[in-house]
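Computed from the coordinates by the stated procedures, all read-outs in this text should not be read as laboratory data. Keep in mind that what you see is a predicted model, and the values were worked out from it rather than measured. Note that each Cβ is placed from the backbone with ideal geometry, even for glycine, and that neighbours are counted across all protein chains shown.
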C-alpha cells in the first residue's frame, strides 16, 4: 500500500493530501530512508515522521485498505513520540 494512503487509513493523518505533502517535504522516513508518498508500506516497516515540533516513530503491524475508527490504532505500534524544542 502507498505510504500516503496508509497514513490516512490508519488515521495518523486526517487527510491523504496532508500525508502526501509531508512526504514530499522529506519529513517521512521508512526504515531510515526518505520516503515518497508512493513508497510501499509493509508490515514490519519502521516509519518516522517529523511533523512540526513532533517526531513520531512507529512500526507497521497491519496493512489494510480500510479500517474502522476503533481498529485503526491496531494497524501500528508507537515506538517513540518526542517533541523538539526550537
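A few points about this structure:
- Counted residue by residue at 0.36 nm each, then reduced by the alpha carbon distance between them, the extension gain from residue 74 to residue 21 reaches 16.6 nm.
- Cα gyration tensor shape of the stretch 17-57, rounded if a/c is under 1.5, else prolate or oblate by comparing a/b with b/c: oblate
- Estimated [θ] at 222 nm from DSSP helical runs (n ≥ 4, -39500 (n - 2.57)) normalised by residues in the chain, nearest 500: -5500 deg cm²/dmol
- Here the scattering of the stretch 3-83 is modelled by Debye summation over its C-alpha atoms, one equal scatterer each and no solvent; at q = 0.27 Å⁻¹ the log10 of I(q)/I(0) is -1.58.
- Peptide ranges 33-45, 63-75, 12-24 listed from the most packed, as the mean C-beta count within 10 angstrom indicates: 12-24, 33-45, 63-75
- Likely footprinting exposure, 77, 46, fewest C-beta neighbours within 10 Å first: 77, 46
- Alpha-carbon centroids, the stretch 57-86 and the stretch 1-44: separation in whole Å: 11 Å
- Using 0.36 nm per residue and subtracting the Cα-Cα separation, the extra length available between residue 83 and residue 67 on full extension is 3.0 nm.
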